[in-house]
1. Note the listed values [x] 11.2; [y] 9.8; [z] 14.3, then indicate which one is mean projected area of the Cα convex hull in nm² calculated from this particular structure.
2. Quick one: accessible surface of GLU160, probe radius 1.4 Å, all protein chains present, in square angstrom to the nearest 10.
3. Just want to confirm a number: the relative contact order over region 138-180, from Cα pairs under 8 angstrom separated by 6+ residues, in percent.
4. Given the options GLY72, GLY142, GLY86, which has the most mean-square fluctuation in a GNM of the chain, springs set between C-alpha atoms less than 10 angstrom apart?
5. Using helices alone, I'd like the mean residue ellipticity at 222 nm for the chain: each DSSP H run of four-plus residues gives -39500 (n - 2.57), total over residue count, nearest 500.
6. Ignoring ligands, DNA and RNA, how do HIS125, HIS98, HIS87 rank by accessible area with a 1.4 Å probe, largest first?
7. May I ask you to rank SER56, SER171 by accessible area, largest first, using a 1.4 Å probe over the protein chains only?
8. With every protein chain in place, what's the accessible area of SER132 (1.4 Å probe, Å², nearest 10)?
Amino acid sequence: MRTKVIYIWLGLTLCLAPAASAGFGQGKPSLEYQVKAAFLFNFTRFVRWPAVAYASPDAPFVIGIAGNDPFGTYLDDLVNGEQIDGHRIVVRRYSDIHDLNNCQLLFINFNDQAKEKAVLAQASHKNILTVSDADDFIKAGGMLQFYNENNRVKMEIKLEAVKAAQIDISSKLLQVAKVR
């Protein structure tokens with residue numbers, strides 16, 4: 001039942017959530033980044049990682065942020081106390097790209113394309129779902145890119161890259177995304 005509710009919520013969010021202009025107030029991210037944080041959290045329900053993506057059976061599921069953090073504590077609060085497949089969900093911020101081990105989902109947010117490419121290179125050959133809202137992120141080798149269309153947050157998925165990382169995305173999520 002919970003998965004059905006999340007699926008309905010995800011569909012409604014894609015259709016109805018306006019992409020607010022960037023502008024942060026009092027530590028709370030813009031509406032656009034609140035929606036994107038909710039997407040990151042809900043990806044844990046519609047994406048499956050292989051067992052080798054975890055350092056141990058009791059290792060946490062890590063949502064990582066590389067670069068500038070547009071979410072503040074909002075994403076941490078959203079995942080607080082949540083689990084996926086017996087793994088506690090945690091948020092980690094990475095300042096050193098060599099620390100990307102034991103991360104399953106990585107939001108990349110650099111203003112520097114060279115840094116973005118370095119993180120993508122470090123994440124390649126690992127079971128990490130790479131996500132960003134940077135222009136041409138998919139072309140640069142990323143797996144999932146948020147974009148705004150008609151004042152709504154949408155997403156594009158590069159399925160070949162996802163499959164190469166041995167990550168399985170639910171058909172329910174693929175139905176609401178632009179797939180390459």
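The values are calculated or read from the model by the stated rules, or taken from the named source; none is laboratory data. This structure is a prediction, so every number in the text was calculated from the model and none was measured. Using ideal geometry, Cβ is built from the backbone for each residue, glycine included, and neighbour counts are taken over all protein chains shown. These area figures cover heavy atoms from the full protein model, side chains too; ligands, DNA and RNA do not enter into them. Shrake-Rupley method; radii C 1.70, N 1.55, O 1.52, S 1.80 Å.
1. [y]
2. GLU160 has an accessible surface of roughly 140 Å² with all protein chains in place.
3. On the way: 48 pairs, mean separation 15.4, N = 43.
After rounding, I find 36 percent.
4. GLY86
5. On the way: 6 runs with 59 residues, N = 180.
Value at 222 nm, helices only, nearest 500: -9500 deg cm²/dmol.
6. On the way: HIS125 190, HIS98 115, HIS87 20 Å².
Putting HIS125, HIS98, HIS87 in descending order of accessible area: HIS125, HIS98, HIS87.
7. Working: SER56 40, SER171 75 Å².
Reading off the accessible areas and sorting them downward yields SER171, SER56.
8. Counting only protein heavy atoms, SER132 exposes about 0 Å² to solvent.
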